[in-house]
Structure formats: structure tokens, C-alpha cells
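The values are calculated or read from the model by the stated rules, or taken from the named source; none is laboratory data. Here the structure is a predicted model, which is why all the values come from computation and not from measurement. We place every Cβ from the backbone using ideal geometry, glycine too, and count neighbours over all the protein chains shown.
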Amino acid sequence: MEKPGTPSSEQSDKAKKYDRQLRLWGDHGQASLECANICLINASATGTETLKSLVLPGVGAITIVDDAKVTPKDIGNNFFVDGESIGRPRGEVALHLLLELNPDVRGTFVDQAVDEILDNQPDFFSPFTCVIATCLPESTLLSLSKVLWDANIPLLVVRSYGMIGYIRVQIEEHTVIESHPDNEMPDLRLDRPFPALQKYMDSLDLETMDSKEHSHVPYVVILYKTLQQWNQRYGAPPKNYREKKDFIQLVKEGMREKESGEAEENFEEAMKAVNTSLMPTRIPSGVESILNEAASNTLTPSTRPFWIMAKALHEFVTSEGRGALPVRGTIPDMTADSEKYIKIQNLYREQAAQDADWVLRRVLELSQQLGPRKVMITESDVKAFCKNAHALRVLKGKSIAEEYKGSINLGDIGAHLENPESELVWYVMLRAVDQFHSEFRAYPGYFQDQVETDIVRLKVCVNRLLADWGCGPIIKDDFIHEMCRYGAAEVHSIAAYIGGCAAHEAIKIITAQYVPIHNTHIYNAITATSATFTL
Amino acid sequence: MTAVDWGERWSEVRKLLERPGPFTHPDFEPSPDTLKMLQENIKVLVIGAGGLGCELLKDLALMGFTDLHVIDMDTIDLSNLNRQFLFRKKDIGRPKADVAAEFINQRIQGCRVTPYYNKIQDFDDDFYRGFHLVVCGLDSIVARRWINGMLLSLLCYEDGMLDQSSVIPIIDGGTEGFKGNARVILPGLTSCIECTLDLFPPQVNFPLCTIAHTPRLPEHCIEYVRILLWPKENPFGEDVAIDGDDPQHINWIYEKAQKRGAEYGISGVTYRLTQGVVKRIIPAVASTNAVIAAACASEVFKLATSACTPMNNYCVFNDIDGIYTYTYEHEKKEECMACSQVPQNLEVRLTDKLKDIITMLTESFKFQMKSPGLQAMVDGRTKSLYLHSPASIEEKLRPNLKKTIEELGLADGMEIAVADVTSPTTILFKLKIIE
């Protein structure tokens, strides 16, 4: 017996502290997070709740811009102020209490109005990875959105208004390699086996196997063999439900009864896998359009690595790939003996490595044409790109200024509002209260004694907005009453919900993993429902 | 003691409580008294002071609740700090409930959180009857089922009619990575935890023969070391069980698993994976916990104040690709073992052995029990069939496991009382002989 030694790979304290999240976005995701520099405009409850879920996982640095002083109202809804802090600068108090959560995070406080910054310090925002803004009047929001859009800095607008929450992501272009799709189809290439796979499969003969071997053949072999039989008979792989049912029957016919009388598990797995494993190998339409865009791009020294790799991938698909993406190189688990399963797994892996190598060569060629580049693309970048090729995502955003100009899809608004359950009505209401605020310098229902008059005034705002979009007065009075009831109240549980969601959207943007909303999310706590709209 | 009032302090929730609105519960009456009631009369129990529990305490305290109680049997670990925001490095090793309560009480003036460093099973029905609402932020299904059973056992029926005042709502949240769910349970009225047992399929273990003879995945190699090699080699002495928090233990497993992987050509055994498999770690982030706890807190607020109709009744959340939620009414199961008031049939053959029945109770999706003990009612007397403890009784009853229903003298229609950790009360089954 060996004596236990000192741990050779004992984790650092940091790895232990972040263990539960490192299992989701990996060490490389964590590294991106730790390099990020986040700016929050206004340390309201929604603002501090957003920062909280960024400070805890260890974002690099935060800056709070806020010229407000702590009021009793803040004490009532904001966890990051305390009783002693009334009258002190809110951003300073919040920053102190937020940083106390995690000593790894650095922070700064700027006691200035954002309007002033926008007027006098045009480059103020350039160091930031992402800006989060809340509680801004429409005019300030529009100026900020324009500055950040032009500077290509992602902006997250977050808001809690009574029982309604709102998140808007403004980002010109966002590319995702690791989108982590939830239910992936396996990439087995049974309809177009690569030579090494074909050679190995053809070397196996199910008929002559003894019973132990037969019941331990991985199902990918069973499907391959059955497909050959099928193709001989019908000429093409099964396509529809009925053909697949027949195919399953054919698999079943190949099954032997075990001595114990039980069915062979590997054959049962094969039957279950028919639906997902026999899908024709093809390029998902979303990836296809990314490749087409990449193909038509002219590379310049400022082209981002994603698009260089996408162009190389397109070249691969049209040449060595013969119309298909690189082999992914991972296969599902299958009941099997170790030897065959691992052999087959290695065949897929080797092919994946070979395909990635072709893409890498093309990346290097393209890079050379561009001369010396600042951002190097490494072999492991290309490998990750190829492994995730089927799940690449690109979001093309729109600026808030553009959205507010009315260039949103107007037909959709009318159609959505006809649906009594559409959350879009709350978007319209939020836009309307902002117009109300521009006009009357207060939100509707803000003062207890003006709720009734404000209902009438808000209705005018709503209908004017609808008329601008070419819609009739189709919003029910109920929604107007409810908005006036809220009086712009920022209720903590709504702020906490939106803060949690928004923090994760920021993490998606920072790490380029998972897929951000595109582009407006409405949360309705009345019914505990939500919806996302592309506006 | 009332909450310290700095004039406008509660102005935001007061707008919801003092103004009428079209989406309020029909019972709602706008009044300044509601906030007072929330602060002075409503007693809320939060179960769990972990990822959800920390958030829940903060959320509820800032929604105006002042009489909060929290139960948690755990102490603080370094790996909690990425999300359990009431804890700091200096608190490691201390009870979660105590530290969480201290922090909230210190930060939010007027709020009184009472901590219990206990298991939920340490308290009886009188304790639970004292709360108006129970919020669960648990990671254990057994604990959820137990508290569900406890609150169901508090229901009073008169002539078959449920006395509504005996209903204590449960607001239950759960998270895993970027997914979560929040639900509202009105015991006796809406679907309960047991009604939806099929949403929590029993954990799948790798077959032993795969682990022993045909490993294919790095996980198989780790399980081989954990299950087969550890008890054989006892690397840290006889009877030293694996401690997932001891880096030396994990490291030993990791190195042996790596060796086994190399033998079979299996790559991918890492220290992190080893720890994940041994401790059955579920990934967790701050954001999902914040979202689900907030959704639960909103429901607590709605139920306590009627300022809005409560969620009906189950909501799932996922923010992997965009932000997705789906809210629907999960229906009450007509023959629910816990809440239906319908006698449960236990279908058996005369030739079935007692151990087959125990296997059925543990393995079927419908029951998913852990270690059921069985007693039969024969001629008005209780006859123990099998009990796990005390050891002397277990030993005496063990031979029964191999006896058939017939040999045990059981017959159609007889009542069997089953006790299990998943429920605070015994469940009565009626034997139904089939074939």
C-alpha cells in the first residue's frame, strides 16, 4: 500500500472560493472576469444588486458614478447603505459596502452627475469593459447610449419600476464561441463516415462476435451496421418518423437474447438513439450565415480573431470539409467494453484534431496576409472554435437612440399589443412614463396627492406614443392605473431579481460565454412571467 | 419593537400597500395598517441559510418583514463565499444561521432574525405552527419532502372540509447552475412537493459492473477508486471514511483514478472533476440564487399583503441562452401520497418478499423513499415487519426480509404503516393482493 503523500495538486484558496462557478465558465472565463472593469451609473437598489452579483464572483474592478446622497428611501430598499449613512454620498457608501463582500475586487467612486461627465469628459468611459446604467431620465440615457455606441462599449440598462423589471443590452456586435447549448445533438457522422471511422467499422463483424462481445459493442457500431443494411435496401438513410420506426425495428432484429433472458442494453440504447444519431450531418442555419458573412468580409488588421477564424472555417467547409463542419470529437457515453469505446472515441478525437489542424493552417495563412497582428490566435483558440463550430453565435445589436427614433419593427408592436398577455405592453408603459417625466419633471403617481390627475396625463402620453408608432389607443386603462400606483417605486425584490439577471448578462458579455439577451427583457412580477423582445 | 422609521424609509413598498390597483388580490384593501401588520404580526420561517437563504433574508427584510427566523444545520465553508454574501473568510467554520442573522440584524435596523443552528427535524409541529409563511432555500429533496409533510400534517379538516386558517403557505426555491425554479404551495389546496416528485428523478448511479470492469469515462475511474479501492486499501487507516473536504483524501483518489484512467486509455481525470464526483458538487453562481430568491420573496410579500395575486404556481428559470422563464399551474395529483387524503394502495403478490416491497418503495418514481420501516396492523395490533433501528430490533426483524407476504401472514386489505425520513408522519397503505 502506498502511503498518502502531500497533495500534489492542492488547490489554491482562490480556486476553492470560486470552485462552484469555475465548473461553469472555467478558469479562462474567470480570467476574463478578473480583467473586467465595470462602471455603474447610480447606486440605486437595482444598481447595487447588479454589482453585488459581479463583485461576489470576482470581477476585476468597479467604478460607481453617483452624485446622490443617501436618503431614508435608500435605507428602505438598498442593502448597500446603512442607517448611519444618511446624507453621505450614496456611491461612496455603496462602494465601501460592496467591496467588503470580496477583497479581490478593486473599486472607485466618482461623485459627479453623469450629464456633467458626458459634457466634459468624453473619454471617461473608454477604460470600461461594460457600463451598467439605471435611474436615468430619457435625455441622459440617449446621450449616454450614443457615446457608448460610438465608443463600442457594451451598455446594460437596468430598471425596476413597481412590479416591473427591464433590462436592455446595447452592444454593436457580440460573438460567442462557447455558447454552452443545453441539449446538443451528437456529431457521429454516420451518414458520411470519415475514412478512419469507416475502416474501423468495416473491420468489425457483429455476426461472428461471441455473446459477450456482441452485448458490449458501442451502439454507434450497431447503428452504422444497421444503416448499411438499410441503405442497401432503400438507398438513403431514414428520414421521417415512419422510416425511423422501421429502422428501429431493423436494429431490434439484430438483437440477441442474453443467457439471462434480458435484452442487450447496447441494442436498446441504439434503438433509443436512432432519432438523434441519424440526423443528417449539416451546418445549422445560424452558423451557415456566420460563415457566409465571414466569407464576404475583407480582412483588415483590425478584424477580430472570431471573424478570421470564421473565414478560415468557411474555407475549410468548402474544401477539406466537403460541406461539413470539423468533426466535434466528443461522443456520448455508451454501454460498451472499454477497449472498443475508447478506440472509437479516439477515432473521433483524431479526426477532430486533424480537421482543426486544417483550420489552423488557414488561420495562419490569413494572418500572414494581414502582417504582424497584435492579437495572436493560438492553436487552442482554433481548437475551441472548431469544437464549438456548430454552436457559434453572433448578435448584431441596435443602439437605444436608433430604437427610440422609432425604427423598431412597428408591425410587431401592434400585433403584440393585440395579445392581452404580451409583456410588450410594459415596455410601452415604461417608455410612456419616461415621456411623462420629460414633460412634468416627475414620474406619474410619484406624489400621493397627484395619482388621479397623473392617470389622465399618462393616458395622453401612452396614446401619443402609440399614435407615433401608427397604432390606435389599444392599451387598457388597467395598465395606466397600475403604473400610476407604482409612482416609480423601486421595490427591493424586483431590484434583486433584475440585478441578478443583469449581472449574468454582464458576465456573458465579459466572458463571451453563454448567450446574452437580444436585446430587451421585460420581467412582470405580477404574474411571475417574462419575455424578451428584439427592438 | 417596530422598525426604525426614517420618515420615507418604506415609501416604496407603501405605494404598493396603500394604493388600489387593478391587479391586486380581491381581498386587498389599501391601508397603512398593512405595513404595520407586516412588521408586527407576520412571522416568516426561512429554511436554509445558504445561497438562497442569505438572499431571502435580505430580500424579506427589505420588503418590510421584521420577524424572521432561519434554520440551517451547516457551517460556513470557503467555497460558499462566491455567492453566500453574508459570510466572510473570518466566519469559516461558524454556523451559517448565526452569522447570517447577525449580519442582517446589524445592517437592517429594526429587523430581528432569529437563528437556529439545527436540523428541521429537531422541531415539532408546535414550532412550525407558529409561522405564517415558510420559505425554503434547500438543496435537499428529502428535507423539502419532510417540511412539506410537516405542514400538511398541520392541516385541520372538519367534516372533510379544509379549515383554511390551518394552511401555512410554502414558497420553495431551487437552483442549479444557471437554472432555477420558484413555486408557491398552499398545502391541501395546490400541488405539493410529493405531487411533483417526478420532477426530481432519483439520482442515477453508474452500474457497478461498468465501474469495476468496463470503465469508459473519467467519472467511472473516480467511482472505481471511491467505491472499490478505498475500502480495500484504507489509505488513511481502518474505518477512515472519505472526507470530501480533506484535500489529502481527494488527492489520493485523484492519483489512483488517474492511474486507472491511464490503464484504460481514458483521459480527463482532473482534481476538480474528482472532487466534483466524490462530493457530488452542484455548480452554483451568485446571479441565479439572487434571481430565484427574489422571485420567492415577491411571492411571500404578495401572500402576506394581497397587494398582488400570487404566482400560479410553478416557475422555471434559465439564463444560459438569453433569459427564459416559464410559469404554469402544476396540478394537484389526485392520489398524492402526502396531500390527497386518498388511502394509498400497496399492490403486492403473495409471493413477493418483504425486501421486494422495500425495494419498490425506494426505487419507484412514485415513492422514492430512503430507508422505509414497515409495521402491519394485524387484528388491531401493531406488528413490526422491519425497522432500521435500534440495531437489536433490526437484527431480530432481519429474517422477515426474506419472507413472503403469505409467510408473514399478511392479507388483502390489511393496513401497513410506513415510516421514512422523507416524511415526519407515517404513511398508511392498504395492502392490495394482485393476480
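Brief remarks follow.
- Candidate set: the range B:151-176, residues that are in contact with a strand residue (DSSP E or B) (Cβ under 9 Å, 6 or more places away or on another chain) and not in a strand (DSSP E or B); chosen: the one surrounded by the most Cβ atoms within 10 Å (Cβ to Cβ): B:Leu151
- Filtered residues of the range A:499-529 (kept if under 24 Å from A:Pro57 (Cα atoms) and among the β-branched types (Val, Ile, Thr)): A:Ile507, A:Ile509, A:Ile510, A:Thr511, A:Val515, A:Ile517
- Criterion violated by B:Ile141 - all others in (1) surrounded by fewer than 20 Cβ atoms within 10 Å (Cβ to Cβ); (2) closer than 20 Å to B:Gln84 by Cα; (3) among the β-branched types (Val, Ile, Thr) satisfied: (2)
- Any hit, the range A:76-91, residues being more than 10 Å from chain B (Cβ to nearest Cβ) and in contact (Cβ under 8 Å) with a residue 40 or more places away in the chain: yes
- Taking every residue in the range A:479-501 that is without any contact (Cβ under 8 Å) to a residue 60 or more places away in the chain and more than 7 Å from every other protein chain (Cβ to nearest Cβ) and pairing it with any residue that is basic (Lys, Arg) and part of a helix (DSSP H, G or I), at least 6 positions away or on another chain, the pairs with Cβ-Cβ distances below 6 Å are A:Ile480/A:Lys459.
- Residues located in the range A:505-524, provided they are in contact with a Lys or Arg (Cβ under 9 Å, 6 or more places away or on another chain), among the hydrophobic types (A, V, I, L, M, F, W, C) and either modelled with pLDDT under 95 or within 21 Å of A:Leu51 (Cβ to Cβ) (or both): A:Ile517
- Any hit, the range A:424-436, residues being within 14 Å of chain B (Cβ to nearest Cβ), surrounded by 13 or more Cβ atoms within 10 Å (Cβ to Cβ) and free of Cβ contacts under 8 Å to residues at least 24 places away in the same chain: no
- Residue that is among the hydrophobic types (A, V, I, L, M, F, W, C), within 14 Å of chain A (Cβ to nearest Cβ), more than 15 Å from B:Glu329 (Cα to Cα) and in contact with a helix residue (DSSP H, G or I) (Cβ under 7 Å, 6 or more places away or on another chain), where the choices are B:Phe200, B:Phe178: B:Phe178
- Scan the range B:57-83 for residues that are assigned to a loop (DSSP other than H, G, I, E, B) and either in contact (Cβ under 8 Å) with a residue 60 or more places away in the chain or at the interface with chain A (Cβ under 9 Å from one of its Cβ atoms) (or both) and the total you get is 8.
- Residues of the range A:1-26 classified as in a loop (DSSP other than H, G, I, E, B) and either modelled with pLDDT under 95 or more than 7 Å from chain B (Cβ to nearest Cβ) (or both), total: 12
- Here A:Asp468 meets the list (1) surrounded by fewer than 19 Cβ atoms within 10 Å (Cβ to Cβ); (2) within 8 Å of another protein chain (Cβ to nearest Cβ); (3) among the charged types (D, E, K, R) almost entirely, failing just condition (2).
- Single match in A:Leu136, A:Leu142 (criterion: surrounded by fewer than 20 Cβ atoms within 10 Å (Cβ to Cβ), in contact with a Phe, Trp or Tyr (Cβ under 7 Å, 6 or more places away or on another chain) and assigned by TED's automatic domain parsing to the domain that holds A:Phe80): A:Leu142
- Total residues in the range B:276-285, condition in a helix (DSSP H, G or I) and under 16 Å from B:Gly174 (Cβ atoms): 0
To keep it simple, each residue is scored yes or no on (1) in contact (Cβ under 8 Å) with a residue 60 or more places away in the chain; (2) at the interface with another protein chain (Cβ under 10 Å from one of its Cβ atoms); (3) crowded, with 16+ Cβ neighbours inside 10 Å.
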site: B:Ser11; (1), (2), (3): no, yes, yes
site: B:Phe28; (1), (2), (3): yes, no, yes
site: B:Leu38; (1), (2), (3): yes, no, yes
site: B:Ile47; (1), (2), (3): yes, no, yes
site: B:Glu55; (1), (2), (3): yes, yes, yes
site: B:Lys89; (1), (2), (3): no, yes, no
site: B:Ala100; (1), (2), (3): no, no, yes
site: B:Asn105; (1), (2), (3): no, no, yes
site: B:Tyr116; (1), (2), (3): no, no, yes
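- Verdict on A:Pro420 being at pLDDT 95 or above, assigned to a loop (DSSP other than H, G, I, E, B), under 28 Å from B:Glu29 (Cα atoms) and out of contact with any strand residue (DSSP E or B) (no Cβ under 8 Å at 6 or more places or on another chain): no
- A:Pro473, sole failed condition from (1) modelled with pLDDT of 95 or more; (2) more than 30 Å from A:Phe128 (Cβ to Cβ); (3) of a type outside the set (A, V, I, L, M); (4) touching a Leu at 6+ places or on another chain (Cβ under 7 Å): (1)
- In this entry, B:Glu238 passes the filter for residues that are loosely packed, with under 13 Cβ neighbours inside 10 Å and either of a type in the set (D, E, K, R) or touching a residue at least 40 places away in the same chain (Cβ under 8 Å) (or both).
- From the options A:Ser53, A:Ser44, A:Ser32, residue that is modelled with pLDDT of 95 or more, crowded, with 24+ Cβ neighbours inside 10 Å and farther than 22 Å from B:Arg14 by Cα: A:Ser53
- From the options B:Pro247, B:Pro215, residue that is within 7 Å of another protein chain (Cβ to nearest Cβ) and at pLDDT below 95: B:Pro247
- Within the range A:40-76, the residues that satisfy the criterion of being under 24 Å from A:Ser145 (Cα atoms), out of contact with any helix residue (DSSP H, G or I) (no Cβ under 7 Å at 6 or more places or on another chain) and not β-branched (Val, Ile, Thr) are A:Asn42, A:Ser44, A:Gly47, A:Ala61, A:Asp67.
For (1) surrounded by fewer than 23 Cβ atoms within 10 Å (Cβ to Cβ); (2) of a type in the set (Gly, Ala, Ser); (3) outside any helix (DSSP H, G or I), each residue gets a yes or a no:
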{"site": "A:Tyr443", "(1), (2), (3)": "yes, no, yes"}
{"site": "A:Tyr446", "(1), (2), (3)": "yes, no, yes"}
{"site": "A:Ile480", "(1), (2), (3)": "no, no, no"}
{"site": "A:Ala489", "(1), (2), (3)": "no, yes, yes"}
{"site": "A:His504", "(1), (2), (3)": "no, no, no"}
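- The residue that is surrounded by the most Cβ atoms within 10 Å (Cβ to Cβ), counting only those in the range A:313-349 that are outside any loop (DSSP other than H, G, I, E, B) and without any contact (Cβ under 8 Å) to a residue 12 or more places away in the chain, is A:Ile342.
- Within the range A:506-535, being in a loop (DSSP other than H, G, I, E, B) and of a type outside the set (S, T, N, Q) holds for A:Ala512, A:Tyr514, A:Pro516, A:Ile517, A:His518, A:Ala525, A:Ile526, A:Ala528, A:Leu535.
- Count of residues meeting criterion [within 8 Å of chain A (Cβ to nearest Cβ) and either out of contact with any Lys or Arg (no Cβ under 9 Å at 6 or more places or on another chain) or not basic (Lys, Arg) (or both)] in the range B:262-281: 7
- Hey, B:Leu16 within 9 Å of chain A (Cβ to nearest Cβ), among the aliphatic types (A, V, I, L, M) and under 30 Å from B:Ala284 (Cα atoms) or not: no
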